[in-house]
Amino acid sequence: MRVESIRYQNYRNLADFTLTPCEGVNIIYGNNAQGKTNILEGLWLFCGGHSFRTQSYRELIQFDKSFAKLECVFYGQERRQTAELTMETGGRVIKVNGVEQKTSSALIEKFCAVVFSPENLSLIKRGPSERRSFIDSAICREKLRNALTLQKYNRLLKQRNALLKEIVRNERLKETLSLWDEQLTTLGAEIVRRRMDFIKMMTERAVVYHKGISRGSEELRLRYVSSFGAEENDDVRTLKEKFLEKCRQSLQTEMLTGSTAAGAHRDDIEIIINGKNSRFFASQGQQRSAVLSLKLAEASVLRERMGENPVILFDDVLSELDNDRQDYLLNELRDCQVFITCCEKSNKEQLNEGKIFYVSEGNVEAEK
Ligand SMILES: Nc1ncnc2c1ncn2[C@@H]1O[C@H](COP(=O)(O)OP(=O)(O)O)[C@@H](O)[C@H]1O
Ligand SMILES: [Mg+2]
């Protein structure tokens, strides 16, 4: 799919204007705080109505204005379509092909994109919960059933933890624990299986992108690190047995801590570059390349599911990358429409083919 045009009206600091990008790579460059990220954020909103920077759509409305409006013309599902988002202080109106929508989910089915912003580096830099939520949000998007399983698992986990605390005071409650364990491990096994399947699929793709970005010098690998000894080829039944066994073993310590020691909520995903855990041993540029490879892998998974290429939004990806890596992102991502923001003038000179936009104080000019 591709964006043919997007009109911004009273949006953040941007002057009212219509962006008409090309089908390939579009560079948006300018100094800091000029409005580059705002342009990408506006595009991303059409994926489902949520910003990657804020929870509050009121922030999107230009200071002193009462509404903001975005109008997008895009080519998707083999036809030209339109979508419109109006943010008012009182609420939001979403229109797809001229028809008002009750929820933003109509957008999710129509418009697909992948975004990278520097905050995504936390995927490598921070603790396991960041990586779990990356994988979980991916499997939830894949199937509603997965989202429901996760919800139930988290609810049960809370209840089991509460029960553990109770047992300390009332030993007799111990008998009821097996009922909770039965349910928790059934759901947990299912989640871990889905995650491992998804990681396998992601790895196959991310490896290829990472090789490309690093010009063959680095090998990326993802490894699911289980808190109860789950292994890649275990089926759901085996996973459940392992999880149950771990619950039995850990009961004494769990009663002391009042929390469930192992399970889907304690697992991690190692992102490994050339055999070393990237969280501790990779350079800034390597970490960035790994996250970018994962994002491109996510795009490739989306392409398979939606039957079309998602639009790629790269915010500030080029800094900290060497020339070869920048060149790969600017010139070798064929078949996709790409939007890349950057500050360096030199980056636009590296672009072999595409369109360049210069942003200054919210005003946007096409250069090429
Ligand atoms: N609702 C708003 N109304 C007007 N200006 C805004 C609004 N929200 C953010 N801004 C301004 O937008 C600018 C940041 O734009 P941004 O796209 O993040 O810059 P960059 O070019 O560095 O990516 C800041 O100067 C900020 O004050
Ligand atoms: Mg920015």
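The values are calculated or read from the model by the stated rules, or taken from the named source; none is laboratory data. Because the structure is predicted, anything quoted here is derived from the model rather than measured. Cβ coordinates were reconstructed from backbone atoms using ideal geometry, including for glycine residues, and neighbour counts include every protein chain displayed. Protein only, heavy atoms only, side chains kept; ligands, DNA and RNA dropped before computing areas. Shrake-Rupley method; radii C 1.70, N 1.55, O 1.52, S 1.80 Å.
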Margin query: Out of everything in segment 338-354 that is touching an Asp or Glu at 6+ places or on another chain (Cβ under 9 Å) and closer than 15 Å to Leu40 by Cα, what residue ends up being nearest to ligand 2 (Cβ to nearest atom)?
Written below: Thr341
Next item on the list: Select from segment 14-53 the residues that are without any contact (Cβ under 8 Å) to a residue 60 or more places away in the chain, within 23 Å of the chain's Cα centre (by Cα), over 16 Å from Met1 (Cβ atoms) and more than 9 Å from ligand 1 (Cβ to nearest atom) and list them in ascending order.
Entry: Gly42, Gly49, His50, Ser51
Margin query: Looking only at segment 9-50, filter to residues that are small (Gly, Ala, Ser) and open to solvent by 20 Å² or more (accessible area, probe 1.4 Å); which one of those is farthest from ligand 2 (Cβ to nearest atom)?
Written below: Gly24
Note to self: Being in contact (Cβ under 8 Å) with a residue 12 or more places away in the chain, in the same structural domain as Leu157 (by TED's automatic domain parsing) and more than 21 Å from Ser283 (Cβ to Cβ) is the requirement here; does Arg223 meet it?
What the structure shows: no
Check: Taking segment 224-239 only, how many residues are charged (D, E, K, R) and either touching a Ser or Thr at 6+ places or on another chain (Cβ under 7 Å) or open to solvent by 100 Å² or more (accessible area, probe 1.4 Å) (or both)?
Finding: 3
Next item on the list: Looking only at segment 314-337, decide whether some residue is more than 16 Å from ligand 2 (Cβ to nearest atom), open to solvent by less than 10 Å² (accessible area, probe 1.4 Å), of a type in the set (Val, Ile, Thr) and touching a residue at least 24 places away in the same chain (Cβ under 8 Å).
Entry: no
Next item on the list: Would you be able to say whether some residue in segment 251-263 is within 16 Å of ligand 2 (Cβ to nearest atom) and open to solvent by less than 10 Å² (accessible area, probe 1.4 Å)?
Entry: no
